[in-house]
Amino acid sequence: MTVVSEPAGKAETNNPSDVREITVAHSPDSDDAFMFYGLATNKVRVPGLRFTHTLCDIETLNQKARAGVYDVTAISFHAYPYIQDEYTLMACGGSVGEGYGPMVVSPRPFTPDEIRAKRIAVPGKLTTAYLALQLFAPGVETEVVPFDQIIPQLLEGKHAAGLIIHEGQLTYDKAGLHRVVDLGRWWQKMTGLPLPLGGNAIRRALGPKLSLAVTTALRDSIQYALDHREEALSYAMQFARDLDSATADRFVGMYVNERTLDYGADGREAVRRLLDMGHKAGIIGIEARVDWV
């Protein structure tokens with residue numbers, strides 16, 4: 001799905017060559033849709049810029065970021081060290097778990113120690129969920145499964161356990177699954193920090209001035225959605241994967257909030273700590289150089 005946001009003001013009537021296209025990619029989830037609502041529906045406009053939005057699952061976006069496909073892209077923080085030469089992190093737009101996050105769930109109860117000996121279905125090896133799992137259970141055996149197929153395949157008996165992200169964090173129990181560990185809660189107990197899961201990265205080649213303008217536009221889009229929650233949530237419901245409105249509202253609130261406007265000092269420290277730990281554990285092959293715009 002691609003959404004196009006047109007520029008405002010004189011740029012609309014001037015020579016089209018005067019308008020700069022900014023390619024934006026994010027996942028087709030209710031929280032990302034809520035976040036980008038202002039830009040995707042022209043509630044937030046930037047004269048001289050035209051935003052085109054492409055929607056892909058996060059693991060696909062991680063791979064496309066490594067190829068430098070988009071000007072602005074949602075990424076898993078786990079992927080950032082591999083793209084840091086071409087992209088920098090935007091200071092807004094993060095999905096951060098405040099004592100909650102990806103979960104290991106299973107059809108029957110297991111203890112955290114027992115799960116370390118199981119083969120776990122994971123949504124992708126560049127996801128932050130996978131990084132957190134490997135920190136929790138070093139060397140655990142995994143199998144990559146599309147994120148929206150993990151719960152169905154668990155119910156079919158194809159896996160002993162699965163690592164769930166997105167809305168599955170709120171729906172797994174209705175499916176009759178058992179939570180073994182919440183990695184966001186585990187991380188907070190271990191570090192005292194929130195768990196940074198995903199963020200937005202912007203191509204360094206855009207330069208400081210344009211990068212700042214685009215980052216400000218994203219922050220304005222997030223603020224617009226927070227200020228106009230009902231209409232933004234109504235827009236986001238088309239991406240809510242069969243959630244009812246109350247559950248979708250709860251999910252959006254988990255990952256689009258004041259910290260999405262700005263990570264805060266502890267949020268930025270959490271990003272650095274997570275990537276440093278991943279590198280020292282041998283999970284991430286490149287040392288991260290974290291910087292922000």
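The values are calculated or read from the model by the stated rules, or taken from the named source; none is laboratory data. The shown structure was predicted, so the numbers you read here are calculated from the model rather than taken from an experiment. Remember, those area values only see protein heavy atoms, side chains included, never the ligands or the DNA or RNA. Shrake-Rupley method; radii C 1.70, N 1.55, O 1.52, S 1.80 Å.
Counting only heavy atoms of the protein chains and using a 1.4 Å probe, C92 has close to 0 Å² of accessible surface. Helix content alone sets the calculated 222 nm mean residue ellipticity of the chain: runs of n ≥ 4 DSSP H residues at -39500 (n - 2.57) each, divided across all residues, give -11000 deg cm²/dmol. Separation of the range 27-53 and the range 66-139, taken as the distance between their Cα centroids, equals 24 angstrom.
Gyration tensor analysis over the Cα atoms of the range 161-261 returns equivalent ellipsoid semi-axes of 29, 20, 12 Å (largest first, whole Å). Rounded, prolate or oblate, given the Cα gyration tensor of the range 16-131, with a/c below 1.5 counting as rounded? It is prolate, given that a/c is not under 1.5 and a/b is the larger ratio.
Each Cα pair under 8 Å and six or more residues apart adds its separation to the average, and for the chain the resulting relative contact order is 28 percent.
Protein-only accessible surface at a 1.4 angstrom probe places the residues R185, R229 in the order R185, R229, largest first. Scanning the chain for long hydrophobic helices, with DSSP H runs required to stretch 27 angstrom or more by C-alpha along their axis and to average at least 0.0 on the Kyte-Doolittle scale, returns 207-227.
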